[in-house]
Amino acid sequence: MSAVPREEVSYRRMRPTDLGVVADLEKSLYAFPWSLGNFRDSVQAGYDCWVACHGDQVIGYAILMVALDEAHLLNIAVASGWQRRGIGRAFLDYILGVAREAKCEIVYLEVRPSNLAARQMYREAGFQQIAIRPSYYPARGGREDALFLGITL
Ligand SMILES: CC(C)(COP(=O)(O)OP(=O)(O)OC[C@H]1O[C@@H](n2cnc3c(N)ncnc32)[C@H](O)[C@@H]1OP(=O)(O)O)[C@@H](O)C(=O)NCCC(=O)NCCS
């Protein structure tokens, strides 16, 4: 599928009225999704909660937790019908810009070793592996490690 021109995708802060759509997207994208309550808590906690939109349609979302000069990217996702068109990478760059604006010096995240798409996206963006967190994620038939990645801004 062809890339979506950058100017066709806009970013804005997540609103309470987005929570249902975001939670539905989450359910469609992850075997172990966040609940709507997890997203609501993130908004209420003051995390940087963003959506990517095509026109009025929410096609992606990201949650960034900023603490002093560090940030943790807790979630980033693109609706399946919009994937592989450059949106994830552009959105990630935007979120790194948000962290930079907040004067963060480093952004961390966890990713499943089995999530090859996300790992490739993070690698291309410049993230590097820092550590492995054993049995971090729930998985079918047990637990899965997390790769702990970071990027210096
Ligand atoms: C990871 C995710 C956000 C990528 O979004 P996207 O819009 O498809 O990403 P892009 O089109 O910008 O692709 C960026 C790069 O990621 C890699 N990539 C993306 N999807 C891939 C796939 N299915 N297989 C292999 N590499 C892939 C490629 O290197 C791609 O660059 P290329 O298209 O030039 O080869 C998306 O797959 C997603 O939402 N997945 C489910 C949620 C998730 O796993 N989030 C990350 C949690 S840590």
Any hit, segment 142-152, residues being within 15 Å of the ligand (Cβ to nearest atom) and open to solvent by 30 Å² or more (accessible area, probe 1.4 Å): yes
Residues located in segment 26-77, provided they are within 13 Å of the ligand (Cβ to nearest atom), open to solvent by less than 60 Å² (accessible area, probe 1.4 Å) and in a helix (DSSP H, G or I): Glu26, Leu29
Counted residues, segment 6-25 - those being open to solvent by 60 Å² or more (accessible area, probe 1.4 Å), acidic (Asp, Glu) and touching a residue at least 40 places away in the same chain (Cβ under 8 Å): 1
Selection count, segment 80-124, where residues are under 16 Å from His54 (Cβ atoms) and within 7 Å of the ligand (Cβ to nearest atom): 9
Pick from segment 120-141, criterion outside any strand (DSSP E or B) and out of contact with any Leu (no Cβ under 7 Å at 6 or more places or on another chain), ranking: least open to solvent (accessible area, probe 1.4 Å): Gly126
Residue, nearest to Ala31 (Cα to Cα), within segment 95-116, restricted to residues that are open to solvent by 80 Å² or more (accessible area, probe 1.4 Å) and outside any loop (DSSP other than H, G, I, E, B): Leu116
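The values are calculated or read from the model by the stated rules, or taken from the named source; none is laboratory data. Because the structure is a prediction, the values reported are computed rather than measured. As a convention, Cβ positions derive from the backbone with ideal geometry for all residues, glycine included, and neighbour counts pool all protein chains shown. When the accessible area is computed, the model is the full protein with side chains, heavy atoms only, and any ligands, DNA or RNA have been set aside. Shrake-Rupley method; radii C 1.70, N 1.55, O 1.52, S 1.80 Å.
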